[in-house]
Amino acid sequence: MPKIESAEDVDLVVEAVGEGVPVDCLLESARGVENVSEIAAHPAVRSLALGEADLTAELGLRGDEAFSWLRTRIVVASAAAGLAAPGMAAYIEVRDTEGLYRSCLRGRDIGLFGRTAIHPRQVPVIRRAFTPSEEEVSRARQIAEAAECASVGSARGGGAIALADGRFIDAPVVTAALRTLALAESIAERGAD
């Protein structure tokens, strides 16, 4: 739903479409970004995203990196509300696949996942940017195996251990590793573009 600026706006959407319909909110104004926590906490909200074109016009932003703080803000609000990681807005320079790739990597670094594509040539670039590398998968596998042996992050509580290379792992590190492995497996099941 575009132009969401408050939890009251979400209430209006629910009133119009009925209870039980999940609402995906597009925040396209400074007011929407300022109210992101209350919007994310609304029980009907399924996801958040930024309407970057409108925000560019309203705030006078220039360049992809100008969105880092705004993007981080919706990542944190989404996580705090138990929502999935938000995706990125479309990258409008259709022929600039290298710029798209770099932008996706920056988004991935701050916790975003996926991106709207406006041209088919963008899809493989977006997929490549958000797919864990072989090194990331290998590292995640080592962590998961070490945790299984040591019961780190298990339902019994676990503790923390150091790997042979000196890396310290505990339950949050194990959780991140398992997420990486699940993502890699999911992408492998769907096949590469």
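The values are calculated or read from the model by the stated rules, or taken from the named source; none is laboratory data. Bear in mind that the values here come from a model prediction, so they are computed numbers and not experimental data. With ideal geometry, Cβ positions are generated from the backbone for all residues, glycine too; neighbour counts draw on all protein chains shown. We work out accessible area using only protein heavy atoms, side chains counted, and drop any ligands, DNA or RNA first. Shrake-Rupley method; radii C 1.70, N 1.55, O 1.52, S 1.80 Å.
At-a-glance table
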| read-out | value |
| --- | --- |
| Under-5 Å amide H pairs with Cys25, H placed in peptide plane, nonlocal only | Arg46, Ser47, Leu48, Ala49 |
| Given 10 as the ceiling on other Cβ atoms within 10 Å, longest exposed-site-free region of the chain for trypsin sites (Lys or Arg not before Pro) in DSSP loops | 1-61 |
| Region 71-153 - percent of accessible surface contributed by carbon and sulfur, probe 1.4 Å | 52 |
| Relative contact order for region 1-157, counting Cα pairs under 8 Å that sit 6 or more residues apart, in percent | 16 |
| The chain, accessible area per residue, ligands and nucleic acids excluded (1.4 Å, Å²) | 57 |
| Along each principal axis, Cα extent of region 84-177, largest first, Å | 49, 25, 17 |
| Potential extension, Ala182-Ala164 segment - 0.36 nm per residue separation minus Cα distance | 4.1 nm |
| Longest site-free stretch - the chain; sites: GluC sites (Glu not before Pro), DSSP loop, at most 16 other Cβ within 10 Å | 94-193 |
| Carbon plus sulfur fraction of accessible area for region 16-67, probe 1.4 Å, in percent | 52 |
| Helical contribution to [θ] at 222 nm, DSSP H n ≥ 4, -39,500 (n - 2.57), averaged over the chain, rounded to 500 | -16000 deg cm²/dmol |
